[in-house]
Amino acid sequence: MKTQALFRKIHHWGSVIIVLPLAVVIGTGVLLMLKKEINWIQPPTQRGVERTAIPQKSFQDLFNAAKAVPEAEISSWADLERVDVKAGKGVVKFVSESQWEVQVDTHTAEILQTAYRRSDIIEAIHDGSWFADWAKLGLFLPAGIVLFILWLTGLYLFIITEHKRHKKRKKKARKNKSH
């Protein structure tokens, strides 16, 4: 079988194989690119009263303020997915395992915002880990490898086609010159 024919078959069937995982990756990738623009995906970072590098309140005081928010379902430090200190904005973000984000002012320990954070779930869907443990490496990784192969074979087919067209135009130009 000629290389071009083989690459066309690979391209044809490879595209069919990766259509669903690729659609998920593209869709969630677009959402992740827009996470700072769309508040529904990720709540915007608020600004505290004082924007100093050194918090005026202890982390325990800030944690206690976040713990008082019922939606966040925080009762201990173990209930947190992450703590994100934005010293330049005077804010600490407490993100609970339930994906609720509580933003607390580092100077006053006042709750600045409470909102549901979808970006982490979208990221887990994006890399396949949200579906099942095996999906990330067993489905999404192979789809990525197949996509890379499709890119390589597509590039090869494009270069060969353009090369043939160029030769054809050159031959036609020589033929027209001789008449």
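Using helices alone, I'd like the mean residue ellipticity at 222 nm for the chain: each DSSP H run of four-plus residues gives -39500 (n - 2.57), total over residue count, nearest 500. Please list the in-between numbers first.
On the way: 5 runs with 86 residues, N = 179.
When only DSSP H runs of four or more count, the value is -16000 deg cm²/dmol.
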*asked:* What lysines does residue 136 reach when the alpha-carbon gap must be under 24 Å and sequence neighbours fewer than 8 apart in one chain are set aside?
replied: 35
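Pick out the long, greasy-scoring helices in the chain: whole DSSP H runs spanning 30 Å or more along their own axis by Cα, mean Kyte-Doolittle at least -1.0. If you can, show how the numbers build up before the last one.
Numbers: long enough: 141-178 (56 Å, -0.28).
Those that clear 30 Å and a mean of -1.0 are 141-178.
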*Mind listing the long-range amide H neighbours of residue 81? Cut-off is under 5 Å, sequence gap 5 or more, other chains count too, H placed in the peptide plane at 1.01 Å from N.*
95, 96, 97
*Burial order of peptide ranges 153-160, 116-123 (average beta-carbon count within 10 Å, highest first)*: 116-123, 153-160
*asked:* Could you work out the relative contact order of region 28-179? I mean the mean sequence separation of Cα pairs under 8 Å and 6+ apart, divided by the number of residues, in percent.
replied: 20 percent
*asked:* Need the list of lysines near residue 171 for cross-linking: C-alpha distance under 28 angstrom, and skip anything on the same chain fewer than eight residues off.
replied: 2
*Which one is right for this structure if volume of the Cα convex hull per residue in Å³ is calculated from it: (1) 178; (2) 122; (3) 109?*
(1)
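Rule-based calculations on the coordinates, nothing more; no lab input. Predicted model, so just to flag it, every value in this text is computed and none were measured. Heads up, the Cβs are rebuilt from the backbone with ideal geometry, glycines too, and the neighbour counts pull from every protein chain shown.
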